[in-house]
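The values are calculated or read from the model by the stated rules, or taken from the named source; none is laboratory data. All figures in this text were calculated on a predicted structure; none of them were measured in a lab. Ideal geometry is used to build each Cβ from the backbone, glycine not excepted, and the neighbour counts take in all protein chains shown. When the accessible area is computed, the model is the full protein with side chains, heavy atoms only, and any ligands, DNA or RNA have been set aside. Shrake-Rupley method; radii C 1.70, N 1.55, O 1.52, S 1.80 Å.
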Amino acid sequence: MSLVMLNKKGFTLIEALVAILILSVLLVGLIPAFIRAYNVIHYSATRDVAVDIAQEMLEKARCADFSSLSNSSQTINRRIKKATIPYTVNTTITSLYGDELKAVTVKVFWTLKGQQKSYNATTVIGDIDG
């Protein structure tokens with residue numbers, strides 16, 4: 001028996017480096033997927049706020065005096081993940097059936113990464129006191 005015993009149970013340095021290289025290539029390949037997922041989550045968060053704003057405006061219109069409904073435009077700032085995002089809200093009132101009903105359309109606009117986004121919501125309101 002020789003004095004030098006070969007241990008064949010462990011990894012060699014080269015095998016370990018090759019394994020690290022393969023793992024690194026795989027992880028670098030996943031970076032775009034993580035970035036895309038972050039962008040989708042951020043867009044969803046800003047869109048959810050736009051939906052909330054539109055619903056708030058429609059509820060205000062439903063609770064308002066029927067004869068006082070009018071077109072309006074305003075900017076509402078909301079904070080999302082340490083950033084304040086301005087939302088432009090345009091409310092348009094359209095008379096239907098000779099003023100018996102009014103269609104209320106709320107359009108919410110915001111800018112995300114240099115692109116303008118929008119969300120629209122509409123409801124019809126009738127004068128129950130009429």
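Among V104, V124, G114, flag the residue with its Cα farthest along the positive direction of the charge dipole of region 91-130, charges on Cβ as +1 for Lys/Arg and -1 for Asp/Glu.
Of the candidates, G114 comes out farthest on the positive side.
Quote the charge dipole size of the chain about the Cα centre in Debye, to the nearest 20; the model charges only the Cβ of Lys and Arg (+1) and of Asp and Glu (-1).
That gives the chain a dipole magnitude of about 1020 debye.
Can you send over the carbon and sulfur percentage of the accessible area for the chain, probe radius 1.4 Å, protein chains only?
The nonpolar share, carbon plus sulfur, comes to 60 percent.
In the chain, once you exclude exposed trypsin sites (Lys or Arg not before Pro) (DSSP loop, at most 14 other Cβ within 10 angstrom), what's the longest stretch remaining?
That gives 10-80 as the longest site-free run.
Kindly report the accessible area of the chain per residue (heavy atoms of protein chains, probe 1.4 Å, no ligands, DNA or RNA), in Å².
So the chain comes to 75 Å² accessible per residue, rounded to a whole number.
Could you derive backbone 3J(HN,Hα) for region 83-91 from the dihedral phi with the Karplus parameters 6.51, -1.76 and 1.60 (θ = phi - 60°), listing whole Hz in sequence and x where the residue is Gly or Pro?
10, 9, 10, x, 10, 8, 10, 10, 10
Got a sec? Charge dipole of the chain, +1 on Cβ for Lys and Arg, -1 for Asp and Glu; which of V18, V89, A37 is way out at the positive end?
Highest projection toward the positive end goes to V18.
List the GluC sites (Glu not before Pro) within region 22-130 that fall in a DSSP loop (any state other than H, G, I, E or B) and whose Cβ has at most 15 other Cβ atoms within 10 Å.
E100
In nm, what is the difference between 0.36 nm times the number of residues separating A121 and S68 and their Cα-Cα distance?
17.1 nm
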